[in-house]
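Before any comments, here is the structure.
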Amino acid sequence: MDKLREKVRNLLKENKVAGYLGYIEGEGGHPLPHFFTKERLEEVERAIVPPDNARYPLDKILESLAAAYPDETFAIQVRGCDERGLNELYKWGQLDPDKVVLVGVACTQAQADYCECPAPWPSVIDYGEKCEPVLQSRRVSRIEALTQEEAFQEWLGHFERCIKCYGCRDVCPMCFCKECSLEHPELLSTGKVPPDVIFQLVRAIHMAGRCIDCGLCEEACPAHIPLRVLYKKANLLVKDLFAYETGSPVTGPSPWKSLGEEVTLEPKPM
């Protein structure tokens, strides 16, 4: 922890960043996202690394900061999935990599096993140590072993629990579209709970090749839909079809940026 705090303190004191987006201990010991600045440097002593089960979409918060202060450079605490998210946001032009400084945290083995994460550490490690990656998802393997009808019925049962709260979309650091197809009345019916099955399938298509497997959508879902399994499988399909590794800095740009003319939700003129 001392190494991480010292790095943050030096970044702020030397004016290398306008602020650090990390975590602070809130009331009752619960970790909360916090923006540390040079003006309140003493707060760095309260900077923490949250436990494995307490995470927030810091990438998404950084997007808002960068949009409000485009000329500033910010530091951000990242785990492996957070850095994958940043790499995708760079590719999609949502963030400038030259204006982001990483403060890296390696996940514990328990967290890596829980997430079935193949890369549970960032490229820069300021806290923690590398653990063993999980190269194959047992949850995905179980679904793949089902017959087509069995898989269809299982996912149908999951989707019928959806209450259309949009929690999965709102917490996702990779949902940055200005117009969301999940709210477009010509694509999806409105006023229905559970929504049409296509609601979850539309989002799954959007997450293919974009999901960075942070798991926040599944954690936020009040209906306990195993969204992470769905998106893991979608990413595997993109990898097989396009040899594209989501979140990797060396396998870009995204295939969705090179599939022909731009697609919008607006109809073409007659």
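The values are calculated or read from the model by the stated rules, or taken from the named source; none is laboratory data. Everything numeric here is computed off the predicted structure, so don't read it as measured data. Cβ sites come from the backbone with ideal geometry, for glycine too, and all protein chains shown count toward neighbours. Ligands, DNA and RNA are stripped out before the accessible areas are found, and what is left, the full protein with its side chains, is counted by its heavy atoms. Shrake-Rupley method; radii C 1.70, N 1.55, O 1.52, S 1.80 Å.
At 10 °C and a viscosity of 1.306 mPa s, what translational diffusion coefficient does Stokes-Einstein give for the chain, taking Rh as the Kirkwood radius over Cα pairs? Give it in µm²/s as a whole number. For these conditions, the coefficient is 79 µm²/s. Per-residue ellipticity at 222 nm, computed for the chain from helices alone with -39500 (n - 2.57) per DSSP H run of at least four residues, works out to -10500 deg cm²/dmol. Take the Cα of ARG138, step 7 Å toward its Cβ, do the same at HIS224, and the gap between the two points is 1.8 nm.
Treating each Cα of the stretch 114-201 as an identical point scatterer and summing with the Debye formula, the log10 of I(q)/I(0) at q = 0.10, 0.17, 0.20, 0.25 Å⁻¹ comes to -0.45, -0.97, -1.06, -1.20.
Between the beta carbons of ASP196 and TYR56, assuming R0 = 35 Å, the FRET efficiency works out to 0.70 to the nearest 0.05. The length gained by stretching the chain between LYS38 and THR251 to full extension, at 0.36 nm per residue less their Cα-Cα distance, is 73.0 nm. Of all lysines in the structure, those lying under 23 Å Cα to Cα from LYS192, and not within fewer than 8 positions of it along the same chain, are LYS164. Using θ = phi - 60° in the Karplus curve 6.51 cos²θ - 1.76 cosθ + 1.60, the 3J(HN,Hα) couplings for the stretch 113-128 round to 5, 5, 7, 6, 8, x, 8, x, 8, x, 6, 10, 10, 10, 8, x Hz; x is entered for Gly and Pro.
Holding the Cα-Cα limit at 25 Å, pick out from LYS3/LYS91; LYS3/LYS239; LYS130/LYS232; LYS99/LYS233; LYS99/LYS257 the pairs that are longer than that. Beyond 25 Å between Cα atoms: LYS3/LYS91; LYS3/LYS239; LYS99/LYS233. A crude spin-label estimate for the pair ILE163 and ILE205, with each label 7 Å from Cα along the Cβ direction, gives 2.8 nm. 3J(HN,Hα) along the stretch 43-51, derived from phi through the Karplus expression 6.51 cos²θ - 1.76 cosθ + 1.60 where θ = phi - 60°, amounts to 5, 4, 5, 9, 5, 9, 9, x, x Hz, with x in place of Gly and Pro. Average accessible surface for the chain: 54 Å² per residue, computed with a 1.4 Å probe over protein heavy atoms with every protein chain in place.
Temperature 4 °C, viscosity 1.567 mPa s: under these conditions the Stokes-Einstein estimate for the stretch 2-115, based on its Kirkwood radius over C-alpha pairs, is 89 µm² per second. Taking GluC sites (Glu not before Pro) across the stretch 78-177, the ones in a DSSP loop with at most 14 further Cβ atoms lying within 10 angstrom of their Cβ are GLU129, GLU160. Give the range of the longest stretch in the chain that excludes all trypsin sites (Lys or Arg not before Pro) found in loop regions by DSSP and having at most 10 other beta-carbon atoms within 10 Å. Between the exposed loop sites, the longest stretch runs 1-177. With all protein chains in place and a 1.4 Å probe, the accessible surface of the chain carries 56 percent carbon and sulfur. Full extension of the chain segment joining LYS178 with ASP113 gains 19.9 nm, where the gain is 0.36 nm per residue of separation less the Cα-Cα distance.
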